[in-house]
1. So, in the range 88-104, of the ones that are within 16 Å of residue 54 (Cα to Cα) and surrounded by 18 or more Cβ atoms within 10 Å (Cβ to Cβ), which residue ends up farthest from the ligand (Cβ to nearest atom)?
2. For residue 119, state whether it is at pLDDT 95 or above and within 14 Å of the ligand (Cβ to nearest atom).
3. Being within 23 Å of residue 226 (Cβ to Cβ) and touching a residue at least 24 places away in the same chain (Cβ under 8 Å): is that true of residue 145 here?
4. Among (1) more than 10 Å from the ligand (Cβ to nearest atom); (2) in contact (Cβ under 8 Å) with a residue 24 or more places away in the chain; (3) closer than 18 Å to residue 258 by Cβ, there is one condition residue 107 misses while meeting the rest; what is its number?
5. Which of the helices (runs of 4 or more DSSP H) found entirely inside the range 179-292 contain at least 3 residues meeting this: surrounded by fewer than 13 Cβ atoms within 10 Å (Cβ to Cβ) and in contact with a helix residue (DSSP H, G or I) (Cβ under 9 Å, 6 or more places away or on another chain)?
6. In the range 124-146, what residues are more than 14 Å from the ligand (Cβ to nearest atom), part of a helix (DSSP H, G or I) and within 16 Å of residue 195 (Cβ to Cβ)?
Ligand SMILES: N[C@@H](CCC(=O)N[C@@H](CS)C(=O)NCC(=O)O)C(=O)O
């Protein structure tokens, strides 16, 4: 790693991590965060398949995904990012399929992913939680965080002028999101799509223990974070308690080690306050000091 440092003139921990791991031929890496639902989906899948990986937290609420070395490699700034040697994958669904193929080949199986699992995976992935989540966060917190992130983006733009155009795209995206939040239609569409998905899951779970039969599959790895997001936003009564099959399923999956490691550890009971408090402290201190 030191060699890489001298050869490339690398200055930051990101560069050391991203290049060092390639140089050392290290195991797989996942750049993710407990707040990110797509990261949770991938992590549950990895835990369930027993695939070892090195985990790096990139907190999107503190703008860590905008750090120049990370952003240079991933200008969408979205999480998660999965790396295996020099192979880097940016989209959740691609990562999920890669994990399936990897796990199948490790177990000497021919058929990596069944069409039924894939149907659920695609369906679940097509629900974007952004508007739904942001609408249920009190305005004062949401506006505080989005203002902080905009300032981080402007700071990084000054740091890396060659990436200014790409940082501008992120700024525009932030303003567009604020606009989208003003239209009740967007929330309504998102809620309807979520309710439809939950209704279908309720029907399926009255016939099977998990989404695709009697075993936990990748379809479940994708679905559980949606339930966790509903809980985090204190909307369990509206979306989960009224669906008895989903309620029983949720109780069952919460007992799995993958759930405990990926979600329970950060958001189970009082832990959610600790997790949120840590981020809020970071944001308040940085804002007070004007350090973005
Ligand atoms: N299409 C992307 C979406 C990922 C995504 O939206 N990630 C969110 C967190 S779940 C994110 O990183 N947002 C930060 C940002 O947009 O700056 C994927 O498939 O992975």
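The values are calculated or read from the model by the stated rules, or taken from the named source; none is laboratory data. Keep in mind that this is a model prediction, so the values were computed, not measured. Ideal geometry is used to build each Cβ from the backbone, glycine not excepted, and the neighbour counts take in all protein chains shown.
1. 99
2. Details: at pLDDT 95 or above: yes; within 14 Å of the ligand (Cβ to nearest atom): no.
Taking the combined requirement at face value, the residue does not satisfy it.
3. Details: within 23 Å of residue 226 (Cβ to Cβ): yes; touching a residue at least 24 places away in the same chain (Cβ under 8 Å): yes.
Judged against the criteria, residue 145 is a match.
4. Residue 107 satisfies every listed condition except (2).
5. Values: elements: 184-205, 218-232, 244-253, 271-289.
By residue number, no helices (runs of 4 or more DSSP H) qualify.
6. 135
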